[in-house]
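Input: a single structure, listed below in structure tokens.
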Amino acid sequence: MGRRAVRDQLFKLLFRVEFNEPEDMTEQERLFFELAKADRGEEGVKHISKADEEEIKAKFDLILEKLSGIDDMINEKTTGWKTTRMGKVDLTILRLAVFEICFDDSVPDNVAINEAVELAKKYGQDESAGFVNGVLAKFAGKES
């Protein structure tokens, strides 16, 4: 599975945070991978290998560990849009991208932003891609 497909799966798992209590996330992880392995026809994702699953789990756990800090960072950069007001899809995309920009040295900032915009186009509303791009530009130092 390529990096884009791994990121897509990570987004889907991270999205569950909005609908479940923190103590339920271990079970949600288990269910997610069980369902993902059963759904072999989705957009060319034929198999989640053990290595892919471990990578997704590791990043997911790191994001969860830093989630409140990531939300604080997003709130500091946005004007008039606190995380509590944002759409759940946009918020999940921003959380993933901010993690990649600020805490994952293996992902260049421009790649994190481009991939986040692509996720926003795929899963968000009409305005999501522009909103996500604008917020993330502030994290990459492209806008003050």
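The values are calculated or read from the model by the stated rules, or taken from the named source; none is laboratory data. As the structure is a prediction and not an experimental result, all values here were calculated from the model. Cβ: placed from backbone, ideal geometry, glycine included. Neighbour counts: every protein chain shown. Side chains are part of the model used for accessible areas, which takes the heavy atoms of the whole protein and leaves out ligands, DNA and RNA. Shrake-Rupley method; radii C 1.70, N 1.55, O 1.52, S 1.80 Å.
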For the chain, what are Rg and Dmax over the alpha carbons, in angstrom? 14.7, 45
Please compute the modelled spin-label separation between ASN133 and ARG3, points set 7 Å along Cα→Cβ, answer in nm with one decimal. 2.0
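Once the Cβ-Cβ distance between GLU54 and LYS88 is put in as r, and R0 is 35 Å, what FRET efficiency do you end up with, to the nearest 0.05?
After rounding to 0.05, the efficiency reads 0.85.
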Farthest toward positive dipole pole in the chain [+1 Lys/Arg, -1 Asp/Glu at C-beta], among ASN110, GLY69, PHE11: ASN110
Mind giving me the nanometre distance, one decimal, between the label points for CYS102 and LEU62, set 7 Å out from Cα along Cα→Cβ? 1.4
Assign unit charges at the C-beta atoms only (+1 for Lys and Arg, -1 for Asp and Glu), then state the dipole size of the stretch 41-121 relative to its Cα centre in Debye, rounded to the nearest 20. 380
Give the peptides 81-92, 128-139 in descending order of average Cβ contacts within 10 Å, highest first. 128-139, 81-92
What ranking do 63-74, 8-19 get when scored by the average of other Cβ atoms within 10 Å per residue, highest first? 8-19, 63-74
What Kirkwood hydrodynamic radius do you get for the stretch 96-144 when you take the inverse of the mean 1/r over all pairs of distinct Cα atoms, in Å? 10.6
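Any idea of the accessible area per residue across the chain, 1.4 Å probe, to the nearest Å²?
On a per-residue basis, the chain sits at 54 Å².
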For the pair GLN125 and LYS37, the simple spin-label estimate (label points 7 Å beyond Cα toward Cβ) gives in nm 3.8
Compute, for the chain, the length of the dipole vector about the Cα centre, with Cβ point charges of +1 (Lys, Arg) and -1 (Asp, Glu) only. Units Debye, rounded to 20. 360
